[in-house]
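Taking it in order: structure first as structure tokens, then the write-up.
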Amino acid sequence: MRLPLLRAPGSRLLGILLPPVCQVCGEPGEHDRELCGPCCLALPWHTDGCARCAAPLPEDASDICFRCEEMPPLLDHCWASLRYEDPVSALLLRYKFHQDLAAGRLLAQLMALSPPPWPLPPLVAVPLHGSRLRRRGYDQAGELARLIGAPRWHGLRRIRATLPQSERGADARRHNLDGAFAVRGPVPDAVVLVDDVMTTGSTLHACAEALRAAGCRDVSAWVCARVP
Ligand SMILES: [Zn+2]
Ligand SMILES: [Zn+2]
């Protein structure tokens, strides 16, 4: 039986009594993480994505995919620590839809193990609308950004509830987000958006649009997992 609450941050004593167990295979964890060495090595680490959209690149490509070369996206840089494949996809689903905060903590640790290869200005989590936050009880991107531990900026808001992006096609995804985000207060010169999963990037692009309209000059993104 898993005891996620007993493994909450700060429960040091319980951490000694209950050493970490790998969330993937159940063997003892390593380096104080709920992940064993072999499972960590076997994860779908994503180190060869396009520098602007993190899509997997063909072997002979430069660091930018042909789509981004033809039509540069609203993100200056984009980094995905992992690919959205098993067991990362299973961890993300547990975190996002089954209240498994221990899975979220492990995913944030994995992001910190494979950070972007550029300097980190303040992190800005892709915000949830208040109504969904109340239903879910926690903000999955915000928690990842908090657990990574870098400085954050909180001026980006979701001012309109939107339908879940996962249920829509690419075109519908774009229009679903029209006017969904707004910026409050003076915006930093550069920010790094943080989100759990990137599929087409339409949510990140809508955030980038709002930030740029408010005067932010350099908007990049760091996601836990990229859907290939
Ligand atoms: Zn394992
Ligand atoms: Zn690209």
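A short reminder: the numbers here are calculations on the coordinates, not readings from a lab. Keep in mind the model is a prediction, meaning the values are calculated, not measured. Cβ coordinates were reconstructed from backbone atoms using ideal geometry, including for glycine residues, and neighbour counts include every protein chain displayed.
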For ARG83, net neighbour charge (Lys/Arg +1, Asp/Glu -1) across residues whose Cβ lies under 14 Å away: -3
Local net charge near ARG184, Cβ-Cβ under 15 Å (Lys/Arg +1, Asp/Glu -1): +4
For the chain, built as a Gaussian network whose Cα springs stay under 10 Å, the top-fluctuating residue of GLU143, GLU34, GLU70: GLU70
Cα point-scatterer Debye curve for the chain, base-10 log of I(q)/I(0) at q = 0.07, 0.15 Å⁻¹: -0.22, -1.03
Unit charges on C-beta of K, R, D, E only; dipole of the chain, Debye: 1220 debye
Karplus 3J(HN,Hα) series, Hz, for the range 68-85 with 6.51 cos²θ - 1.76 cosθ + 1.60 (x for Gly, Pro): 5, 5, 6, 9, x, x, 6, 9, 6, 9, 9, 10, 10, 5, 9, 8, 7, 9
HIS154-ALA182 pseudo-label distance in nm [points 7 Å out on the Cα-to-Cβ vector]: 1.8 nm
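So for the range 114-228, considering every pair of alpha-carbon atoms, how many percent are separated by more than 18 Å?
Values: 3145 of 6555 pairs.
More than 18 Å apart: 48 percent of the Cα pairs in the range 114-228.
May I ask you to derive the FRET efficiency for ALA190 and ALA42 from their Cβ-Cβ distance with R0 = 41 Å, giving the value to the nearest 0.05?
For ALA190 and ALA42, the calculated efficiency is 0.75.
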Length gained when the stretch ARG146-LEU18 is fully extended (0.36 nm per residue, less Cα-Cα span): 43.6 nm
Estimated FRET transfer efficiency (GLU70, HIS31; beta-carbon r; R0 30 Å; 0.05): 0.10
Rounded to 5, percent antiparallel among DSSP beta bridges of the chain: 25 percent
Neighbour-count order for TYR84, TYR95, TYR138, fewest beta carbons within 10 angstrom listed first: TYR138, TYR84, TYR95
Candidates ALA54, ALA172, ALA112, ranked by Gaussian network fluctuation over the chain, Cα under 10 Å, top entry: ALA172
Proxy reagent accessibility, fewest Cβ within 10 Å first, across ARG132, ARG33, ARG158: ARG132, ARG33, ARG158
